[in-house]
Amino acid sequence: MHHMKPAKETESLRKIPSVGKVVAEIGGCDLPRRVVVDVVRHELGLLRTEKKIPNFSGVMSRVRAAIDALQLAKIQPVINGTGIVIHTNFGRAPLGRALIESLSAVAANYNNLEYDLTSGERGHRATYLERNLALLCGAEATTAVNNCAAALILILRHFTAKKKEVVISRGELIQIGGGFRIPEILEASGAKLREVGTTNKTSVNDYARALGPDAALILKVHRSNFFMGGFVESPSTETLAKLARTKRIPFVEDLGSGAIVATEKLGALEHEPTPNETLRSGVDLVCFSGDKLLSGPQAGIIAGKRRHIAALKCEPFFRALRCDKLILTALQTTVDLYLAGKSGELPVLAMLDITYDELRVRAEALLSQIRDLPLRSSIGEGKAQVGGGSLPRAVISSVALDLLPDKVSVEDFAATLRRGSPPIIGYVAGGKFKLDLRTIFPRQDAQVVSALRSARQ
């Protein structure tokens, strides 16, 4: 027996417009037509479950909001006014012009990824990059995988194949972005964690006592995303290296942010350990990110002893983690810029090096172009940060545009700019909307002005 729907409910469902009518009403849109039809179907399907059906314009505004949200979810350029230079949510290091040019040349054509142009035979992937990267890092050999977590997992899987224990200080069991924790990486690789010392104090004897028959390696993790001060002690890299050598156990350090240049010369930052220094201190292998202070593409770089690198590349798991032609191309261009003494062309390093006075001049020029808007605007202080889990204590003096809109709240004003094209993201502090100019490229200044105009007309 069929249950009849109540007449009132049936009448209510009849008020839901057809898919065709709604799609026709939407008109032109950047999304493929099939995607638009799918969104409309989904939204109309949700209406069927509701008690009260809105009128046609109510239906349209819901559908439009869903389409707008989907369009905004597309990966697209944004203008970063947050002052955070290596912003993990914004794709970390922007790539410089030389990298873009090399990427477009390789991407648009066939290339010699695994072909030896000298012999005319099949060749090895990344020969050129690995050689030059070794020169840059002061290492016997190097290789690259698709991110630093992958580098760490590969190293751990290799060294804990027979012996299982990874000796690490409790003060280094850190969490990195997106809830990713070092202990979980260790366990995912099949390793057993052997924690030594306490959160704030670990001595060389703590390590020595933990090096039993099942010890596979000593792992040191650079605390690159936070700072610990006060009653803190941990053995130097040299001391640990000496212990590892005596016990014939590999010693690995995860440097995280991977500074190649002397960071203390950039914007009054503190010194960040480099792969070169770490390897000179006696570490067997270091790993670090390609898209943080190195200012290249996302990659996990491993540098150190030749025999260890060769063994890692023979691991079957290496194939699952290896980089593609675009990453390798961007990485080799980045390394060549360093070796040619042109690291200033890399956007992250250039941003950290901009002077306060240069930013002030730009701020005044921008202010003069928006004075006529219904907006209280002034030049304010910015507090830029390196970000991306690098140099956590470094606050770089910067210059911000301080904006206070008339008639709308600061939050609504921020939302309007965020939903624009291109989206502009700043932050609210002291009741004002702020755009830090250190992370806005000078070529984007005109776009900022036009976005502010259209938001406040």
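The numbered conditions (1) over 21 Å from Ala429 (Cβ atoms); (2) aromatic (Phe, Trp, Tyr); (3) surrounded by fewer than 17 Cβ atoms within 10 Å (Cβ to Cβ) are all true for Tyr338 except (3). Here Val395, Val386, Val399 are screened, and the one residue that is surrounded by 17 or more Cβ atoms within 10 Å (Cβ to Cβ), free of Cβ contacts under 8 Å to residues at least 60 places away in the same chain and under 30 Å from Gly258 (Cβ atoms) is Val399. How many of the residues in the range 268-280 are in a loop (DSSP other than H, G, I, E, B) and either under 20 Å from Leu240 (Cβ atoms) or free of Cβ contacts under 8 Å to residues at least 24 places away in the same chain (or both)? Summing the residues that are in a loop (DSSP other than H, G, I, E, B) and either under 20 Å from Leu240 (Cβ atoms) or free of Cβ contacts under 8 Å to residues at least 24 places away in the same chain (or both) in the range 268-280 gives 4. Filtering the range 433-457 to residues that are of a type in the set (Lys, Arg) and modelled with pLDDT of 95 or more leaves Lys434, Arg438, Arg443. Within the range 247-267, at least one residue is in contact with a strand residue (DSSP E or B) (Cβ under 8 Å, 6 or more places away or on another chain), basic (Lys, Arg) and either free of Cβ contacts under 8 Å to residues at least 40 places away in the same chain or buried (at least 22 other Cβ atoms within 10 Å of the Cβ) (or both). Of the listed requirements (1) crowded, with 18+ Cβ neighbours inside 10 Å; (2) among the small types (Gly, Ala, Ser); (3) not in a loop (DSSP other than H, G, I, E, B), Ala98 misses just one: (1). Pairing each residue of the range 38-67 that is assigned by TED's automatic domain parsing to the domain that holds Lys21 with any residue that is of a type in the set (Asp, Glu), provided the two are 6+ apart or on different chains, yields C-beta distances under 8 Å for Val59/Glu43; Met60/Glu25; Arg62/Glu43; Val63/Glu43; Ala66/Glu43. Exactly one residue out of Gly197, Gly190, Gly212 is out of contact with any Ser or Thr (no Cβ under 9 Å at 6 or more places or on another chain) and either assigned by TED's automatic domain parsing to the domain that holds Leu279 or at pLDDT 80 or above (or both): that is Gly212.
Counted as qualifying within the range 297-359 are the helices (runs of 4 or more DSSP H) with 1 or more residues that are assigned by TED's automatic domain parsing to the domain that holds Leu129 and over 25 Å from His87 (Cα atoms), namely 306-314, 318-321, 325-339.
In the range 294-324, of all residues being in contact with a Cys (Cβ under 9 Å, 6 or more places away or on another chain) and β-branched (Val, Ile, Thr), the one that is farthest from Cys148 (Cα to Cα) corresponds to Ile302.
The values are calculated or read from the model by the stated rules, or taken from the named source; none is laboratory data. These numbers come from a predicted model, not from an experiment. Because the Cβ atoms are built from the backbone with ideal geometry, glycine has one as well, and the counts that use them run over all protein chains shown.
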